[in-house]
Amino acid sequence: MSGHILGIHLLIFFFAVRGREFDWHVLAVATLIFLVGLMVIHAISGAEHISGRQEVSFSGHLRKVAVAAPCFFLALFLRPRWLRRNAWLLYGLCLTLVALVPFIGVERNNARRWIDLRFYDLQPSELAKLGVILVLARVLQSNRLKRPRDWALPAALVSLPVLFILRQPDLGTAMTLAPITLGMFYLAGARGRTIAKLVLASTLLGVCAFQFQWGIRGYQGERIEVWLSSFEADELIENKHGAAFHAYHARTAIGNGEVWGQGLGEGVASRIRILPELDSDSVIAVIFEEAGFVGCGALLIAYALFIGLIFASASEMRDRFARLVVGGVGLYFAAHLFIHCGVNLGMLPMTGLPLPLVSTGGTSLLMSLTAIGLALGLSSHYERTLDEDSFKRY
């Protein structure tokens, strides 16, 4: 029976997409990264450990994969026309789920971000990223941001979910939406000078918010203060049992890896389990320790190649809406890679953010596979369009 079902899925796949135009190279690199992630999570879960803290279940991760995998195939078969027509509806559904979190969500670690579905913990803020990408592509399809008033609607569409997400609070997700939004504005035709002014204004606003405590919670301000002082080794070591606990052990694990690493499952972080969220928010630190500079560097190169291939695919698309969606997907993975690595290396303030395709996390995995399915499907579903961009050569 399972063989017949697989055959039906493959048959639908070959009829739904144009094989010659399918970006097999993108799928191959994404699969490689995903398999590396499986190896890392399996090694962490199987490592002999002294402390009983923070158990990591490989079987639990596989169950999340089983839930997320059908979303990849569903996204793969979606036509650009259907997505364009229903972008507002999908955005509204994502926004509604985010708005419901304060009322029906469950609280963990002083944050209310998840909706308990009994068999699955849904994190709506992750889905909101996809909703923002789709609705921005729909709005920017006919809006090239030439006049000041052209910015009002796109900015409002992003600000609304960000306000809900910051109240959870979920600073990591809010941080990823900023580069995704600015990147899509640039792809839509906004001038680089205007984008630079927005970045500068946002930076100044962030500095003022920190200085005058505008909407900054106590522990968030403390994280920023620790980050600013952690560039000095003495300060980092002094606070290693306090506010700098996570930052100290992340950088210690990275340093332990040296050139070749300690071996999968042999790192101190995996065996003692002292590093918080080592299978999700801190997974790159674990990979550095166990695979070393060489192994982790190879993974980062593969990840950068994966992102570059997505952008290359977007640049060849003549349909403006589809090109913006695929470009948004590339920005999604690029933002996560930069912030996740930056946090663990001490380049950015400490915040929780998984590395897509590598970390555990059910909704993150669901979002990642759905986004890849959309990018691959849109690249193979060329449709005729009279948009002026379709007459340009890329």
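Here are a few things to note about the model shown:
- The residue of the stretch 232-249 that is least open to solvent (accessible area, probe 1.4 Å), among those that are more than 18 Å from GLY352 (Cα to Cα) and in a helix (DSSP H, G or I), is LEU236.
- Yes/no for THR181 being over 13 Å from the mean Cα position of the chain (by Cα) and either in contact (Cβ under 8 Å) with a residue 12 or more places away in the chain or open to solvent by 60 Å² or more (accessible area, probe 1.4 Å) (or both): yes
- Here the helices (runs of 4 or more DSSP H) wholly within the stretch 47-164 that include at least 2 residues being within 30 Å of VAL36 (Cα to Cα) and either open to solvent by 20 Å² or more (accessible area, probe 1.4 Å) or hydrophobic (A, V, I, L, M, F, W, C) (or both) are 58-76, 124-140.
- Residue tally, condition open to solvent by 10 Å² or more (accessible area, probe 1.4 Å), aliphatic (A, V, I, L, M) and farther than 30 Å from ALA247 by Cβ, over the stretch 311-351: 1
- Test: residue in the stretch 250-261 that is acidic (Asp, Glu) and surrounded by 19 or more Cβ atoms within 10 Å (Cβ to Cβ): no
- Filtering the stretch 291-307 to residues that are open to solvent by 10 Å² or more (accessible area, probe 1.4 Å) and in contact (Cβ under 8 Å) with a residue 24 or more places away in the chain leaves ALA291, PHE293, VAL294, GLY295, LEU299, LEU300, ALA302, ALA304, LEU305, ILE307.
- Within the stretch 277-290, residues that are among the charged types (D, E, K, R) sit with their Cβ atoms under 6 Å from residues that are open to solvent by 10 Å² or more (accessible area, probe 1.4 Å) and part of a helix (DSSP H, G or I), at 6+ positions apart or across chains, in these pairs: GLU289/ASN256.
- No other residue among SER380, SER368 is under 18 Å from ALA312 (Cα atoms) and either at pLDDT 80 or above or buried (at least 17 other Cβ atoms within 10 Å of the Cβ) (or both) apart from SER380.
- Scanning the stretch 50-59 for residues that are modelled with pLDDT of 75 or more and within 10 Å of ASP279 (Cβ to Cβ) yields VAL56, SER57, PHE58.
- The single condition among (1) modelled with pLDDT of 90 or more; (2) open to solvent by less than 30 Å² (accessible area, probe 1.4 Å) that PHE34 does not satisfy is (2).
The values are calculated or read from the model by the stated rules, or taken from the named source; none is laboratory data. If you're wondering where the values come from, they're calculated on a predicted model, not measured in any experiment. Every residue, glycine among them, receives a Cβ derived from its backbone with ideal geometry; neighbour counts consider all protein chains shown. Just so you know, the surface numbers come from the protein's heavy atoms only, side chains and all, with ligands and any DNA or RNA stripped out. Shrake-Rupley method; radii C 1.70, N 1.55, O 1.52, S 1.80 Å.
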